[in-house]
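A short worksheet on the structure shown next.
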Amino acid sequence: MLKKPRGTRDFLPDEMEQRRDIEGRMRETACRWGYREICTPEFEELELFTIRSGEGIIGEMYVFEDKGGRMMALRPELTAPVLRMYVNEGKTLPKPLRWHYFADCFRYERPQKGRYRQFWQFGVELIGVDSPLAEAEVILLAEESLSAAGISFSIHVGHLALMRSLLAGLPDEEQKRIRRFLDKKDFNGLYDHLVPAGKADLFNALTRLVSCRDLGEVFDITGDLPERKRIEELFMILDQSGIPYTLDPGIARGLDYYTGMVFEAFAGNLGAENQVLGGGTYRLAHLFGGEDTPSCGFAIGFDRVMVSRGEQAPPHRLVAGIAHTPEGREWALAVSRDFRAAGIRTELDLSGRSLGQQLSRIAKSADYALILGQRESMNRMVTIKDLRSGVQKELPLTDAVREVIGSEPR
RNA sequence: GCCAGGGUGGGGUAGUUGGUCAUCCUAGGGGACUGUGGAUCCCCCGACCCGGGUUCGAGUCUCGGCCCUGGCCCCA
């Protein structure tokens, strides 16, 4: 028997309905903020992803040669494609650009909880503005998107300038190494790395900085920075907006293309992979042949959000099943047309068996049974049985439709 | 790439010191019952992850692989 590829999943209707429900809430949130949906290709030229990340990531991508001999890759993320799209066709649009996407990505990694080889990301990019208010907007939208998804989470916000000021003057390699320690919260490793080398002051400053949760104290540690005013303004806006967040100068976000504000969100119920969102301010457009353009965005790991929600009953939609006899078939088709036109999920019996058998089948999956035989057909009436209460009525068609719609929850 | 624990019908399970082409529940399919059958009765479908080894004989022991579930690494 053939099986699905490792790290991929099949979704049955119950699960698919839940995913669409949550996806729809996030989309709707973004649209309300003016972030309209875009779509980019499932695969891109390999170079798009290696240009800033190096060749090393090829091993974690689905890479293939197309029939024309071009090296292609299934997209491992959306930020680079979206910025490529911006450079190709968005340059002349009025700024700022507010875009959102919901798309599947592919990474060749070892599957584990909340991590799959095909996974979905919901994200936004705000392109062409560079201000504390823009950064705050992205954070606020992230908060609202996760809330709309119905999970509990915490948002951590930091700024790369803080740590960079302490590391200024060190070689790139060394900075990277130190950030690695801090990202893993490996303070023992950091101690062994710095203190014997005579950098005890740096060690102390760094450890104080990453655990600091007060902006005033942060600047006591770093001293005055050119970015100070801007950073203070960002956090002032966040405070004014009233959203819950944690100041976290320790966020390093391993990546090289972030330039300023960085933020992450974490949720429970997820094991080792508890980060559900990452984002920040970055500059990428110039790498793809465009002008240097400030941008800000985030991406949500949609599958992790679904794991974090846990097992939940799918939203219930009422179902009407139609049992009919040969004499009632024409009437049954007319009735089902009207029911569907009214938005009711309506399933017509296809077996042609006795009414009893049809009802027995309908009762397994439907909330209402409609019985349409010779009698109903002649009188243009609908026998409708509420399968939950057992109450049965004979009504004109429009009243039968109203009966079902009237009992729809919500 | 590394580590741990696991793979018996679609789902959940029983299976002794190796010993009849494997238990039970559930789901699914079919039939009887000809307008209430959401019932009842009958029948059917369908599994030892794959491959090598030990053995007269392997679901059971052993080795390798694959896959699943977690953890590490990584996380653009």
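Taken together, the values in this text are just the output of simple stated rules run on the coordinates, not laboratory data. What you are looking at is a predicted structure, and each value in this text was computed from that prediction instead of being measured. With ideal geometry, Cβ positions are generated from the backbone for all residues, glycine too; neighbour counts draw on all protein chains shown.
In the stretch A:24-110, which trypsin sites (Lys or Arg not before Pro) are in a loop and have at most 12 other Cβ atoms within 10 Å, using DSSP for the loop call? Write out the running numbers ahead of the final one.
Working: sites: A:ARG25, A:ARG27, A:ARG32, A:ARG36, A:ARG52, A:LYS67, A:ARG70, A:ARG84, A:LYS91, A:ARG98, A:ARG107; in loops: A:LYS67, A:ARG70, A:LYS91, A:ARG107.
Taking the stretch A:24-110 and a limit of 12 other Cβ atoms within 10 Å, the loop trypsin sites (Lys or Arg not before Pro) found are A:LYS67, A:ARG70.
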Give a residue-ordered list of calculated ³J(HN,Hα) values for the stretch A:192-201 (Karplus: 6.51 cos²θ - 1.76 cosθ + 1.60, θ = phi - 60°; whole Hz; x for Gly, Pro).
5, 7, 9, 5, x, 7, x, 10, 4, 4
Of all DSSP beta bridges in chain A, what percent run antiparallel (nearest 5)?
80 percent
Using θ = phi - 60° and the Karplus relation 6.51 cos²θ - 1.76 cosθ + 1.60, list the HN-Hα couplings for the stretch A:6-15 in order, rounded to whole Hz, with x at every Gly or Pro.
4, x, 10, 9, 9, 10, 7, x, 4, 6
Virtual paramagnetic centre 7 Å along Cα→Cβ of A:LYS393, amide N under 17 Å, in the stretch A:329-366
A:339
Using a cut-off of 22 Å between alpha-carbon atoms, which lysines can reach A:LYS385, once sequence neighbours fewer than 8 places away in the same chain are excluded?
A:LYS364, A:LYS393
Simple label model, 7 Å out from Cα along Cβ direction - A:PHE187 to A:CYS31, nm
4.8 nm
What is the sum of charges around A:ASP349, taking Lys and Arg as +1, Asp and Glu as -1, for the other residues whose C-beta is under 11 Å from the C-beta of A:ASP349?
+2
Place a point 7 Å from the Cα of A:SER131 along the Cα-to-Cβ direction; which residues of the stretch A:94-120 have their backbone N under 19 Å from it?
A:94-99
Residues whose built amide H sits under 5 Å from the amide H of A:LEU284, excluding neighbours closer than 5 in sequence, are A:THR293
Classified through the alpha carbon gyration tensor (a ≥ b ≥ c as square roots of its eigenvalues; rounded if a/c is under 1.5, else prolate when a/b is larger than b/c, else oblate), chain A comes out prolate
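Only loop residues by DSSP count here, and only those with at most 16 other Cβ atoms within 10 Å; note down the trypsin sites (Lys or Arg not before Pro) in the stretch A:139-197 that meet that.
Numbers: sites: A:ARG164, A:LYS176, A:ARG177, A:ARG179, A:ARG180, A:LYS184, A:LYS185; in loops: A:LYS184, A:LYS185.
Counting only loop positions with at most 16 other Cβ atoms within 10 Å, the trypsin sites (Lys or Arg not before Pro) in the stretch A:139-197 are A:LYS184, A:LYS185.
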Starting from the amide H of A:VAL276, placed 1.01 Å from N in the peptide plane, find each other amide H under 5 Å away whose residue is 5 or more places distant or on another chain.
A:ALA265, A:PHE266, A:ALA267
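With a cut-off of 8 Å between alpha carbons and a minimum separation of six or more residues, what is the relative contact order of the stretch A:45-93 in percent? If you can, show how the numbers build up before the last one.
Details: 31 pairs, mean separation 16.5, N = 49.
The normalised contact order for the stretch A:45-93 reaches 34 percent.
Full-extension gain between A:LEU93 and A:ALA168, please, as 0.36 nm times their residue separation minus the C-alpha to C-alpha distance. Can you show the working numbers first?
On the way: separation 75, 0.36 × 75 = 27.00 nm, distance 3.74 nm.
Residue separation times 0.36 nm, minus the Cα-Cα distance, leaves 23.3 nm.
Per residue of chain A, what 222 nm ellipticity follows from adding -39500 (n - 2.57) for every DSSP H run with n ≥ 4, rounded to the nearest 500?
Details: 15 runs with 162 residues, N = 410.
Helix-only estimate at 222 nm: -12000 deg cm²/dmol.
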